[in-house]
Structure formats: C-alpha cells, structure tokens
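First up is the structure itself, then whatever we jot down about it.
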Amino acid sequence: MSQVQTITLGGGCFWCTEAVFVKVRGITDVESGYSNGQVNRPSYEDVCTGRTGCNEVVKLQYDPEQISLNQILEIFFVVHDATTLNRQGNDSGTQYRSGIYYASDEQKQTANDMITRMSQDKLFSSAIVTEVVPLANYWPAEAYHQDYFENNPNQGYCVAVAGPKVAKFRKTFASLVKA
C-alpha cells in the first residue's frame, strides 16, 4: 500500500458526508469532526449554535493508488450542493458550509483546479461557494457521531437525507463502491 493521505471535507451534516465516504473504495478511514473554527474541543451543542466558526467535516484517509483526490472531489461535488452559502438543504449556518480543508499545496492546487474547471464548464447554475483553505483547529466529533448512519439507519434524518445521498453515490459512482 502506498503512503496514505488525508483530506478533510465539509459538505453539510457530517452524518451524510461520512455515510457516503465510508462506502468509497480506497478510503481507509473516515472520522467525523469539527474544523476551522475558533473554539478548542467544541461540543456538538457548541457547534450547533453557529457561533464557534467550526464546520462539521469528515477527515478522510485514502490510498492514492486506489483512488485519486480528483475522484474524491468529484464524489464530494455530486453528493452536496457547493453553490449554497452556509446551507445544505434544511441545515443552515456556518457549520454546514462547503469546504475543502487541505493538508498540502498539491491538494490545494487540485481542489482549485477542479473548481475552476467546473465553473468554466458551467456545471452548476450558480457560483461555487466552496472554501479551499488549510485545515486548522481540527477536533474529532463525539463518539456517538462516528458511523452514525450505519448505527442509526432508520433514524428520520438518516432515512430522509443521508440515505438518498448514499443512493446517489452508489448510482453515480458504481465503480468506486467498496466490494
């Protein structure tokens, strides 16, 4: 196995984003957490106030020999709305902003290049508002948030919001679904 790499993504509620990426071939670990805010060790309740600056994110570890960062970002842009500022569906606030939190200049370049291409190709009817900034002040979410969709598949939010995102991923990226 090659050197595992890490990228952190904010695509709305981390339950949904995690539910998708745990199913992706080449992703070796997914952890829900909070990043890029001003509070150390924030709680879910703190983050939900919208006053911490923190974003709900998933930290992905991946094997670049099995999946490229471009493929990961393609999935990311399909399973969330990168054109709504501080909102994903009914979830609103800065904690639900679209963000790519990179660990290297190469990741930054890849993300910016993809956003430029998608914008030039007019793949979305509105401008992409995804922030591309270095990962800062990351904290893992509480244990009960980890594997939330897998552990609570019949919970209302999971059925109504996370489940359809997982189905969309499976349909759109069938070749990247873990066996």
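Values in this text are rule-based calculations from the coordinates and carry no lab data. Everything numeric in this text was worked out from a predicted model, so none of it was measured. We place every Cβ from the backbone using ideal geometry, glycine too, and count neighbours over all the protein chains shown.
What to note about this one:
- Pick from region 38-47, criterion in contact with an Asp or Glu (Cβ under 9 Å, 6 or more places away or on another chain) and not aromatic (Phe, Trp, Tyr), ranking: surrounded by the most Cβ atoms within 10 Å (Cβ to Cβ): 47
- Residues (of a type in the set (A, V, I, L, M) and either under 20 Å from residue 87 (Cα atoms) or out of contact with any strand residue (DSSP E or B) (no Cβ under 9 Å at 6 or more places or on another chain) (or both)) located in region 142-176: 143, 159, 160, 161, 162, 166, 167, 174
- Scanning region 155-179 for residues that are closer than 19 Å to residue 32 by Cβ and not in a helix (DSSP H, G or I) returns 155, 178.
- Filtered residue count, region 30-67, keeping only those that are among the polar types (S, T, N, Q) and within 25 Å of residue 150 (Cα to Cα): 6
- Filtered residues of region 53-66 (kept if surrounded by fewer than 21 Cβ atoms within 10 Å (Cβ to Cβ) and in contact with a helix residue (DSSP H, G or I) (Cβ under 7 Å, 6 or more places away or on another chain)): 53
Per-residue answers, yes or no, for (1) among the β-branched types (Val, Ile, Thr); (2) touching a Leu at 6+ places or on another chain (Cβ under 8 Å); (3) closer than 20 Å to residue 136 by Cβ:
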| site | (1), (2), (3) |
| --- | --- |
| 63 | no, no, no |
| 76 | no, yes, yes |
| 89 | no, no, no |
| 94 | yes, no, yes |
| 105 | no, no, yes |
| 117 | no, no, no |
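- Positions within region 135-154 being exposed (fewer than 13 other Cβ atoms within 10 Å of the Cβ), hydrophobic (A, V, I, L, M, F, W, C) and not in a loop (DSSP other than H, G, I, E, B), in sequence order: 143
- Residues in region 116-134 that are surrounded by fewer than 20 Cβ atoms within 10 Å (Cβ to Cβ) and either touching a residue at least 24 places away in the same chain (Cβ under 8 Å) or among the hydrophobic types (A, V, I, L, M, F, W, C) (or both): 118, 123, 124, 125, 126, 127, 128, 129, 131, 132, 133, 134.
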